[in-house]
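Below: one structure, written as structure tokens.
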Amino acid sequence: MTRTKPSRLSYLTTGIIKENPTLILMIGLCPTLATTTSARDALGMSAAASFVLILSNVVISLVRKFIQPSIRIPIFIIIISTFVTIIDYALQAYQPSLYRVLGVFVPLIVVNCIILGRAEAFAYNHGVFDSFLDGLGNSLGFTLLLVVMGSVREFFAAGTIFGKVVTPAWYRSAPMLFMIFPPGAFFLIGILKALVIKLKLDKG
Amino acid sequence: MNSRTWMVVSLLITCLVAGFALAEVFAMTKPKIEQQKIDATNSALGQVLATAQSFKEITKDSLWYGLNQSGAKTGIVIRSARRGYGGPVPVLVGLDLAGRIVGLKVASPAEGLKETPGLGLKATEDWFARQFVGLDSAIALKQEGGTIDAISGATITSRAVARGVAQAISKYSEHLKP
Amino acid sequence: MNEDEIKVKAEVEVKANVKEASSPPVSTLTLTSTFVVSASPHTRSPATVSRIMWLVVFALLPALGGSVWFFGPRSLLLVALSVASSILFDSLAQKAFGRKPTPFDGSAVITGLLLAYNLPPGVPLWMPIIGAAFATIVVKQFFGGLGHNFINPALAARAFLMVSWPTYMTTLWLKPHGGPLSGLDAVSAATPLALVRRAAELVPPDMNLSELLRQANSLAELKRLFIGNVGGCLGETSALLLLVGALFLVILRVVDWRIPAAYIGTVIVLALVLPGSHLMPWFHVFSGGIILGAFFMATDYVTSPITAKGRIIFGVGCGLITMLIRLYGGYPEGCSYSILLMNVATPLIDRLTRPHPFGALRKRQVAA
């Protein structure tokens with residue numbers, strides 16, 4: 001039996017739903033739970049992480065022939081942390097209000113499992129363009145989940161989505177604050193995970 | 001080049017490239033970052049002391065003189081913080097030359113406030129801060145003999161704000177002479 | 001008896017067990033019935049679960065009567081809404097998840113009752129409904145239904161309402177029939193529990209702190225707290241009526257005495273020894289939700305340990321956390337959180353206190 005090479009397109013799409021890093025592989029949960037208290041913060045976090053993920057994937061794939069297996073992890077970390085520091089400075093300079101909210105979570109992108117995971121599992125043994133697609137796909141999957149969680153939590157806890165008022169005034173005078181607290185994040189991701197499993201089971 | 005040497009050299013090269021790239025980005029963004037910090041402070045100061053055109057920092061991060069166009073003092077802004085429920089509750093108090101409160105701003109969560117949403121966080125709402133405007137002494141909650149209505153369910157935070165304001169007033173009255 | 005006979009018997013038993021395990025309702029019954037009689041976990045009739053549940057419901061009724069007397073018909077309305085929506089949401093969720101709806105097994109009724117008992121009597125009418133939805137759908141049915149929930153549904157719903165609408169849950173007290181909110185004539189704006197930490201703030205102008213504390217520790221206050229004409233959550237104020245029901249359950253051995261005894265005992269000891277405790281032990285025991293929590297919620301079969309030793313540990317833990325929250329925490333009442341935290345620790349406690357098979361060597365003995 002010959003294994004067919006997966007198509008280019010599938011590199012892009014698997015990361016979005018089928019192997020969604022957070023919802024299916026259950027990695028990178030720390031920023032997912034901590035930064036999704038509003039849709040805007042969630043989008044900011046996923047944009048920052050996506051920047052790092054795509055660029056580190058591309059760069060690691062570019063230089064992979066020169067990296068000896070025994071020291072690959074230190075080199076991955078140096079490359080990743082360089083991009084993280086760059087995004088950290090950039091946010092401070094151009095998006096200070098977002099930076100104040102994301103705070104410690106930006107430096108923590110360095111140890112985001114998704115980024116090191118993709119470097120190790122994909123970029124280290126695939127070409128530059130494929131790695132770019134993989135990074136993009138995983139970024140989209142991560143962004144999708146974070147924005148969904150951020151929107152749902154903001155909707156319940158503040159009655160708004162991306163700061164836009166979407167609920168009547170009586171709701172906003174006493175919203176369900178539970179969702180802005182950590183337990184709300186845990187329950188929500190549990191429910192989303194259950195939905196995904198249900199969809200998978202229904203598909204067979 | 002044998003593999004052991006290459007291991008060292010490749011790591012060295014990676015570090016060098018990363019170091020230079022970061023130095024470059026740092027130099028590029030540094031002035032901008034500092035400008036952002038100054039802007040943020042000035043806009044917060046402007047909110048509590050509207051009569052001032054510019055601000056002069058007297059004590060780092062805790063006392064500013066507000067100056068008008070001709071450079072004369074119009075008032076002062078004091079930053080103080082007393083312990084609330086989740087941590088310190090930073091407040092910016094604007095005082096005119098007579099020592100009356102003209103503006104009060106409780107820090108937002110993004111500026112380091114750690115109070116509970118729905119309870120202590122209501123201290124950032126307008127109605128609460130407005131109660132302080134015009135007062136010059138005896139800043140305390142109603143249940144402690146003052147005039148300030150506490151936020152319902154959040155006495156600890158309300159008290160931290162009131163005491164922060166009271167502390168600011170008592171401590172810096174000597175700066176108010178024109 | 002020859003060996004073959006024994007073997008056949010063993011096989012029959014194994015088969016019976018497998019059958020039990022494959023049908024969830026029966027296996028939960030088996031679990032539950034262990035508490036009723038201290039016999040082996042053999043199959044009982046399906047009526048047993050319901051019987052226990054309805055007995056608990058019955059035991060909770062005196063307190064409901066008291067609540068209506070003290071806080072007026074509004075508490076009956078809140079209880080009715082809470083119970084009805086618990087049954088409704090429970091059955092709907094069971095249907096949605098492909099289980100057989102069991103609206104009248106009594107468990108949803110208990111959840112609804114306990115949830116309402118844990119609400120201030122002045123809360124808006126939608127709160128018990130939202131709380132019941134959270135308790136039955138999210139906490140109970142999401143985790144597998146009756147017998148599988150990892151924390152007490154009613155208490156989880158209380159915690160959920162507490163973080164979501166903290167103002168409503170901490171301010172909407174009603175003045176009880178025949179007494180001021182705090183039980184003290186001098187203090188009208190707070191529940192008795194507020195005296196634990198905030199006594200200094202509540203001192204009226206014509207009185208000093210020691211005078212106020214003396215009143216709080218007086219026999220008149222004890223009588224009010226015991227009978228229940230003080231402010232507080234809907235069903236928790238009358239220690240007397242709760243104890244009537246609790247005694248009934250303990251005598252019928254529906255609930256084990258160990259958890260309440262350990263819980264209340266710990267509270268008494270800590271009230272005596274902890275620094276910062278100005279009030280008498282009985283003040284702590286009879287104010288707030290300790291009686292309700294210790295007898296009716298901490299003893300929940302599903303979320304408390306099954307071993308005798310484990311139950312003592314569980315009760316002591318509840319008492320410890322309750323008193324730490326009351327004396328040093330940010331909330332006036334720590335009863336619900338203490339039980340929830342110990343619920344989460346229950347599997348661990350059960351593991352630590354697992355009894356040894358008769359005749360088996362302990363690790364230490366083996367090593368020696």
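The values are calculated or read from the model by the stated rules, or taken from the named source; none is laboratory data. All of these numbers come straight from a predicted model, not from anything done at the bench. Here the Cβ is made from the backbone with ideal geometry for all residues, glycine too, and neighbour counts use every protein chain on show. Calculation scope for accessible area: heavy atoms of the full protein, side chains included, ligands and nucleic acids excluded. Shrake-Rupley method; radii C 1.70, N 1.55, O 1.52, S 1.80 Å.
Matching residues to (1) in a helix (DSSP H, G or I); (2) open to solvent by 20 Å² or more (accessible area, probe 1.4 Å); (3) modelled with pLDDT under 95:
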position	(1), (2), (3)
C:Leu55	yes, yes, yes
C:Ala80	yes, yes, no
C:Ser85	yes, no, no
C:Gly98	no, yes, yes
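Looking at B:Thr5, B:Thr51, can you tell me which residue is within 14 Å of another protein chain (Cβ to nearest Cβ) and open to solvent by 30 Å² or more (accessible area, probe 1.4 Å)?
Every option except B:Thr5 fails the conditions.
At pLDDT below 85, closer than 30 Å to A:Glu154 by Cα and away from chain A (no Cβ under 14 Å): is that true of B:Thr116 in this structure? Spell out the reasoning first.
Details: at pLDDT below 85: yes; closer than 30 Å to A:Glu154 by Cα: yes; away from chain A (no Cβ under 14 Å): no.
Criteria not met by B:Thr116.
Inside the stretch C:240-278, can you point out the residues that are outside any helix (DSSP H, G or I) and closer than 13 Å to C:Ile291 by Cβ? Write out each step before concluding.
At the first step, the residues of the stretch C:240-278 found to be outside any helix (DSSP H, G or I) are C:252-257, C:274-278.
Result: C:Val255, single match.
Starting from residues that are surrounded by fewer than 18 Cβ atoms within 10 Å (Cβ to Cβ) and of a type outside the set (Ser, Thr, Tyr), keep the ones in the stretch B:147-174 and report whichever is farthest from the other protein chains (Cβ to nearest Cβ).
We begin by selecting, within the stretch B:147-174, every residue surrounded by fewer than 18 Cβ atoms within 10 Å (Cβ to Cβ); these are B:147, B:149, B:152, B:167, B:170-171, B:173-174.
Checking the rest, the ones that are also of a type outside the set (Ser, Thr, Tyr) come to B:149, B:167, B:171, B:174.
Working: B:Asp149: 13, B:Gln167: 20, B:Lys171: 25, B:Glu174: 33 Å.
Among those that are surrounded by fewer than 18 Cβ atoms within 10 Å (Cβ to Cβ) and of a type outside the set (Ser, Thr, Tyr), it is B:Glu174.
Hey, among the residues in the stretch A:80-115 that are within 7 Å of chain B (Cβ to nearest Cβ) and among the hydrophobic types (A, V, I, L, M, F, W, C), which one's farthest from B:Ala27 (Cα to Cα)?
So the residue we want is A:Val101.
In this structure, does C:Gly147 turn out to be modelled with pLDDT under 90 and either closer than 20 Å to C:Ala84 by Cα or more than 14 Å from chain A (Cβ to nearest Cβ) (or both)? Steps first, please.
Details: modelled with pLDDT under 90: yes; either closer than 20 Å to C:Ala84 by Cα or more than 14 Å from chain A (Cβ to nearest Cβ) (or both): yes.
Yes: the conditions hold for C:Gly147.
Conditions (1) surrounded by 14 or more Cβ atoms within 10 Å (Cβ to Cβ); (2) over 29 Å from A:Ser81 (Cβ atoms), marked per residue:
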| residue | (1), (2) |
| --- | --- |
| B:Gly19 | no, no |
| B:Val25 | yes, no |
| B:Pro31 | no, no |
| B:Glu34 | no, no |
| B:Tyr65 | yes, yes |
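Any residue that is under 28 Å from A:Pro96 (Cβ atoms) and facing another protein chain (nearest Cβ under 9 Å) - is there at least one of those in the stretch B:38-46?
Going through the stretch B:38-46, the residues under 28 Å from A:Pro96 (Cβ atoms) turn out to be B:38-46.
Still in the running and facing another protein chain (nearest Cβ under 9 Å): B:39-40.
Yes: one or more hits.
What pairs come out if I take residues in the stretch B:13-37 that are free of Cβ contacts under 8 Å to residues at least 24 places away in the same chain and pair them with residues that are among the small types (Gly, Ala, Ser) and open to solvent by less than 40 Å² (accessible area, probe 1.4 Å) whose C-beta lies under 7 Å away, six or more apart or interchain?
B:Thr29/A:Ala90; B:Thr29/A:Ala93; B:Lys32/A:Ala93; B:Ile33/A:Ala93; B:Gln36/A:Ala93
I need a count of the residues in the stretch B:99-115 that are farther than 17 Å from B:Ser62 by Cα and assigned to a helix (DSSP H, G or I).
2
Looking at the stretch A:156-172, I want the residues that are of a type in the set (Ser, Thr, Tyr) and have a partner that is outside any loop (DSSP other than H, G, I, E, B) and surrounded by 10 or more Cβ atoms within 10 Å (Cβ to Cβ) with Cβ atoms under 7 Å, at least 6 apart or on another chain. Which pairs are those?
Sorted first by the residue in the stretch A:156-172, then by its partner, the pairs are A:Thr160/A:Glu154.
Being of a type in the set (A, V, I, L, M, F, W, C) and either within 22 Å of B:Gly87 (Cβ to Cβ) or not in a loop (DSSP other than H, G, I, E, B) (or both) is the filter here; which residues of the stretch B:132-156 pass it?
B:Phe132, B:Ile139, B:Ala140, B:Leu141, B:Ile148, B:Ala150, B:Ile151, B:Ala154, B:Ile156
If only one of C:Phe226, C:Phe160 is touching a residue at least 12 places away in the same chain (Cβ under 8 Å), in contact with a Phe, Trp or Tyr (Cβ under 6 Å, 6 or more places away or on another chain) and within 14 Å of chain A (Cβ to nearest Cβ), which one is it? Steps first, answer last, please.
Details: C:Phe226 fails: within 14 Å of chain A (Cβ to nearest Cβ).
Checking each option against the conditions leaves just C:Phe160.
Quick check on my filter: what residues within the stretch C:119-173 are touching a Pro at 6+ places or on another chain (Cβ under 9 Å), assigned to a loop (DSSP other than H, G, I, E, B), more than 27 Å from B:Leu121 (Cα to Cα) and open to solvent by less than 10 Å² (accessible area, probe 1.4 Å)?
C:Gly145
Filter the stretch A:185-204 down to the residues that are touching a residue at least 12 places away in the same chain (Cβ under 8 Å) and open to solvent by less than 80 Å² (accessible area, probe 1.4 Å) and list them by number.
The first filter runs over the stretch A:185-204 and keeps only residues touching a residue at least 12 places away in the same chain (Cβ under 8 Å), leaving A:185-186, A:188-189, A:192-193, A:196.
Of everything in the stretch A:185-204, those that are touching a residue at least 12 places away in the same chain (Cβ under 8 Å) and open to solvent by less than 80 Å² (accessible area, probe 1.4 Å) turn out to be A:Ala185, A:Leu188, A:Ile189, A:Leu192, A:Lys193, A:Val196.
Considering the stretch C:100-115 alone, what residues qualify as being part of a loop (DSSP other than H, G, I, E, B) and of a type outside the set (Gly, Ala, Ser)? Please lay out each step first, then the result.
The initial filter retains those residues of the stretch C:100-115 that are part of a loop (DSSP other than H, G, I, E, B), namely C:100-106.
Scanning the stretch C:100-115 gives C:Lys100, C:Pro101, C:Thr102, C:Pro103, C:Phe104, C:Asp105.
Among the residues of the stretch A:19-51, which ones are in contact with a Lys or Arg (Cβ under 8 Å, 6 or more places away or on another chain) and closer than 9 Å to A:Gly150 by Cα?
Of everything in the stretch A:19-51, those that are in contact with a Lys or Arg (Cβ under 8 Å, 6 or more places away or on another chain) and closer than 9 Å to A:Gly150 by Cα turn out to be A:Thr36, A:Thr37, A:Ser38.
From the list B:Asp126, B:Asp61, pick out the single residue that is open to solvent by 10 Å² or more (accessible area, probe 1.4 Å) and over 12 Å from the mean Cα position of the chain (by Cα). Talk me through it step by step, then tell me what you get.
Details: B:Asp61 fails: over 12 Å from the mean Cα position of the chain (by Cα).
After applying the criteria, what remains is B:Asp126.
Which one of these is without any contact (Cβ under 8 Å) to a residue 24 or more places away in the chain, among the β-branched types (Val, Ile, Thr) and crowded, with 18+ Cβ neighbours inside 10 Å: A:Thr85, A:Thr22, A:Thr32?
Numbers: A:Thr22 fails: without any contact (Cβ under 8 Å) to a residue 24 or more places away in the chain; A:Thr32 fails: without any contact (Cβ under 8 Å) to a residue 24 or more places away in the chain.
Only one candidate qualifies: A:Thr85.
Within the stretch B:120-145, work out how many residues are within 13 Å of chain C (Cβ to nearest Cβ) and among the small types (Gly, Ala, Ser).
Final tally of qualifying residues: 3.
Identify all residues within the stretch B:33-68 that are in a strand (DSSP E or B), under 22 Å from B:Lys171 (Cβ atoms) and touching a Leu at 6+ places or on another chain (Cβ under 7 Å); write none if there are none.
To start, the set of residues in the stretch B:33-68 that are in a strand (DSSP E or B) comprises B:54-59, B:63-67.
Those left that are additionally under 22 Å from B:Lys171 (Cβ atoms): B:55-59, B:63-67.
Within the stretch B:33-68, B:Phe55, B:Lys56, B:Trp64, B:Gly66 qualify.
Specify which of the listed residues (B:Gly118, B:Gly94, B:Gly86, B:Gly71) is assigned to a loop (DSSP other than H, G, I, E, B), within 24 Å of B:Thr147 (Cα to Cα) and open to solvent by less than 70 Å² (accessible area, probe 1.4 Å).
Details: B:Gly94 fails: assigned to a loop (DSSP other than H, G, I, E, B); B:Gly86 fails: within 24 Å of B:Thr147 (Cα to Cα); B:Gly71 fails: within 24 Å of B:Thr147 (Cα to Cα).
Criteria check complete, one pass: B:Gly118.
Just one of the numbered conditions (1) of a type outside the set (Val, Ile, Thr); (2) open to solvent by 70 Å² or more (accessible area, probe 1.4 Å); (3) within 12 Å of chain C (Cβ to nearest Cβ) is not true of A:Lys164; which one?
(3)
Can you pull out the residues in the stretch C:299-321 that are closer than 24 Å to C:Ala194 by Cβ and at pLDDT below 95?
Step one: filter the stretch C:299-321 for residues closer than 24 Å to C:Ala194 by Cβ, giving C:318-321.
None; the set is empty.
Going through the stretch A:175-204 one residue at a time, which ones are aliphatic (A, V, I, L, M), in contact with a helix residue (DSSP H, G or I) (Cβ under 7 Å, 6 or more places away or on another chain) and within 11 Å of chain C (Cβ to nearest Cβ)?
Passing the criteria: A:Met176, A:Leu177, A:Met179, A:Ile180, A:Leu188.
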